[in-house]
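The values are calculated or read from the model by the stated rules, or taken from the named source; none is laboratory data. Just so it is clear, the structure is predicted and the values come from calculations on it, not from any experiment. Here the Cβ is made from the backbone with ideal geometry for all residues, glycine too, and neighbour counts use every protein chain on show.
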């Protein structure tokens, strides 16, 4: 028998809590895997951002204005009336980002018609290389309604910081051939634009679908 929305979401919250230590260790491994460029002193550290997100005691999310894969300027207000499933990553990411986006796509497929009330969004943390044409090619490999967003580094940094997403360009690589270390949470934003919560990295599609279904409420 299918779980109710509340039961399903409770299961996801339990999975999230059990994963907090794993997430922290995984993040530490990512950030220590290679020398990285130091952030500006005025920018919050990875620890500050993650602790803020996990604590639930600080505001998360907020307005943004970025450019989609067609070159059109988009704001958060464009997605009102939809439950936004938001992920930060970059198109040159070798494995984690494509895996997470595929899981989101499969979750939306599993929701069937209910997925029409959602809007998947991918925001790059590598605006230097992720131009609108590059994003257009990348997002076409995933859910047909996935929107990719890019912008200036300042615009991306502001949006990422609002969502407590840390990212830093790897300084050890050669110019134009670098990686970007970043956190990999999935964010859920309500139909009214307010932040609802996050899902940890590595959740299977069915758990993502359950969390989304619980937030959509009864059909």
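Kindly indicate whether residue 120 is modelled with pLDDT of 95 or more, more than 12 Å from the chain's Cα centre (by Cα) and within 17 Å of residue 160 (Cα to Cα). No; evaluated as a whole, the condition is false for this residue.
For region 30-102, which fully contained strands (runs of 3 or more DSSP E) count at least 3 residues that are under 15 Å from the mean Cα position of the chain (by Cα) and modelled with pLDDT of 95 or more? Quick ask: steps written out before the conclusion?
Details: elements: 65-68, 73-75, 83-89.
Where strands (runs of 3 or more DSSP E) fall fully within region 30-102 and carry at least 3 residues being under 15 Å from the mean Cα position of the chain (by Cα) and modelled with pLDDT of 95 or more, they are 83-89.
Of the residues making up region 107-116, not a single one is touching a strand residue (DSSP E or B) at 6+ places or on another chain (Cβ under 8 Å), part of a strand (DSSP E or B) and crowded, with 22+ Cβ neighbours inside 10 Å. When the residues of region 41-57 are filtered to those that are touching a residue at least 24 places away in the same chain (Cβ under 8 Å) and out of contact with any strand residue (DSSP E or B) (no Cβ under 7 Å at 6 or more places or on another chain), the one that is farthest from residue 152 (Cα to Cα) is 54.
Quick check on region 77-91: of everything there that is out of contact with any strand residue (DSSP E or B) (no Cβ under 8 Å at 6 or more places or on another chain) and in contact (Cβ under 8 Å) with a residue 12 or more places away in the chain, which residue is surrounded by the most Cβ atoms within 10 Å (Cβ to Cβ)? If you could, list the steps in order and put the result at the bottom.
The first filter runs over region 77-91 and keeps only residues out of contact with any strand residue (DSSP E or B) (no Cβ under 8 Å at 6 or more places or on another chain), leaving 77-78, 80-81.
From the residues that got through so far, the ones that are in contact (Cβ under 8 Å) with a residue 12 or more places away in the chain too are 77, 80-81.
Values: 77: 10, 80: 14, 81: 10.
The extreme case among them is 80.
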